[in-house]
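What follows is a short report on a single structure.
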Amino acid sequence: MKHHEWGLVGLALAAVTMPAWATSGDVAFATSDTAAAIETACWDTDCGDGCGGDACCGDSVGCGSSCGSSCCLENCGLFGLGYFTYDSCSDGCGLPELLLGSIACPSERCFDDFISPMTNPVYFEDPRNVTELRGIFIQHKVPATALGGDVQLYALQIRARLTERLSLIATKDGYVVSDNPLIDDGWADLDIGLKYALYRDPAAQQLLSAGFTYNIPMGTPRSRQARGDGIFNLFLTGGAELFDCGHWLSGVGGLLPVDGDANSSFVYWSNHFDYQVRKGWYGLLEFNWYHWAADGDNRLGLTGLDGGDLFNLGSAGVEGNDIVTGAFGGKYKPNRNTEIGLAWEVPLTERRDVLENRLTADLIFRY
C-alpha cells in the first residue's frame, strides 16, 4: 500500500482541481469498469455478515482483512483475554439506528480504522460520511485574565449520512454550566450544516470532504450565546493513513459572521495524528491554530480578548491575534461502531484568551 502525506496546500489544491480528477481516471471517480466496480462496492459494502469477503472494508485492499486492519498488532496478552478487546464483528449500540435509521444511510465502511478528532469539536470535522450520535463533555478552565473559574459543556452532536457523499451535521448544541463571572449557565447555540465527500481512495486510505455550518443564534444570551444574526463556517477536511496503523486528519476553515459587529471572525487549522497500538486502542496528538481576522464592536468591553471555538465574544483589538493549542489523549474502540475518547488540551502560545486548559471526553455510537 502506498502512503502519502498531505499538507495544507495539498488539501486546498485537491478541492480546486477535483473536476479534472473526475475525468482523469482517479479511483474515486474512475471511468474504467474495474475502478467503477470497486467504488460501487466500497460505497455499498456492509461488513456485518461474518466480517469476511468484502474487498473494500477498512484496510482490506492492502492488508487482506475485511473488518479493520490486519496490519496492526493482534489482541494478545492482557488485551487478548476477552476484556477490553476490539470486536470487529460487533454492531455495537443500536441507538443511532433506532433514532436515525429511518432517515439516514449507514456509515461508510471503507475507513473503519480511522477515529474522529477530539479538540476544536465545533469546527474540526471528521472527513468521513457517518451516521452517529456523539456525546461530548468539556471541562474548561478559564485563566485569571478572563476572570477565572470553570465552564462545563454537555453536548450531543448528530451526523446523518443522507446519500453516498452527502451528510447532515449538527456540530454544536448542549448546556453550559459556569462559575465564571462573565458566562452564566444556559443553552448553547445550534450549529447545523452539510458535508460532501469530494474525493476518496479506499485503496490508499485517503479522503477529502468540504462543507459548511450555520450558527443559529438560539442559545441563552447570558451564556454569551445568541449574539448577532448567526455565523457561517466554511471548511475543508481530509485524512490519510500513515505507516499502516496511523492516521492524519487535517481541517481548515473560517468563520463569516452575518453581523460583523456582534461577532468577531477567525480562521483555523486543526491537525490530528493517531496510532493504533493495539486493535481498538489509539494514542493521539492534536494541534489547533486560531487566527483572528476581524474585530467585533466590543459590546462586552473585552478589548484584546475573545472566546475561541465555544464562545464568540465579538471583542475589539483581537484582529491579527494568534493562538495555538496542543492536546494529547487516547481512544478506545470496543467495536467498529463505538468510540470512547479523552484528550487534555493547553495553549502552546503565550496568548491564552479564555483557555487555561481543557479536558474533553466523548462517546460515539455509530450506525
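Under a Cβ-Cβ cut-off of 13 Å, what is the net charge of the residues other than Phe365 that fall near it, where Lys and Arg count +1 and Asp and Glu count -1? That sum, taken over residues with Cβ under 13 Å, equals 0. Take every pair of alpha-carbon atoms less than 8 Å apart whose residues are at least six positions apart; their mean separation over the length of the stretch 96-155 yields a relative contact order of 28 percent. A straight chain from Leu285 to Glu164 at 0.36 nm per residue would run longer than the Cα-Cα distance by 40.6 nm.
Computed 3J(HN,Hα) for the stretch 103-116, one whole-Hz value per residue from the Karplus formula 6.51 cos²θ - 1.76 cosθ + 1.60 where θ = phi - 60°, is 10, 10, 7, x, 4, 5, 10, 7, 10, 5, 7, 6, 10, 7, glycine and proline marked x. Candidate cross-link partners of Lys279 among the lysines, defined by an alpha-carbon separation under 21 Å and a same-chain spacing of 8 or more, comprise Lys331, Lys333. A cut-off under 13 angstrom between Cβ atoms defines the neighbours of Gln139, and their net charge, with Lys, Arg +1 and Asp, Glu -1, is -3. Full extension of the chain segment joining Ile216 with Asp322 gains 35.6 nm, where the gain is 0.36 nm per residue of separation less the Cα-Cα distance.
Charged neighbours of Val177, selected by a Cβ distance under 10 Å, balance to -4 (K, R count +1; D, E count -1).
Could you tell me what percent of the accessible area of the stretch 100-195 is made up of carbon and sulfur, with a 1.4 Å probe and every protein chain present? That fraction is 66 percent.
Residue-wise HN-Hα couplings along the stretch 268-284, as the Karplus relation 6.51 cos²θ - 1.76 cosθ + 1.60 with θ = phi - 60° gives them from phi, are 9, 9, 10, 10, 10, 10, 9, 9, 8, 7, 9, 4, x, 10, 10, x, 9 Hz; Gly and Pro carry x. Each residue of the stretch 129-136 was assigned a 3J(HN,Hα) from its phi angle through the Karplus curve 6.51 cos²θ - 1.76 cosθ + 1.60 (θ = phi - 60°); the sequence is 8, 10, 10, 7, 10, 10, x, 10 Hz, with glycine and proline shown as x. When the stretch 123-257 is described by a simple charge dipole with +1 on each Lys and Arg Cβ and -1 on each Asp and Glu Cβ, the residue from Ala210, Leu147, Pro181 located farthest towards its positive end is Ala210. Note on surface exposure: Trp344, Trp281 rank Trp344, Trp281 by accessible area, highest first, 1.4 Å probe.
The values are calculated or read from the model by the stated rules, or taken from the named source; none is laboratory data. Remember, it's a predicted structure, so these values are computed and weren't measured experimentally. Counting neighbours? That spans all protein chains shown, and the Cβs are built from the backbone with ideal geometry, glycine included. These accessible areas exclude ligands, DNA and RNA; they are computed on the full protein's heavy atoms, side chains included. Shrake-Rupley method; radii C 1.70, N 1.55, O 1.52, S 1.80 Å.
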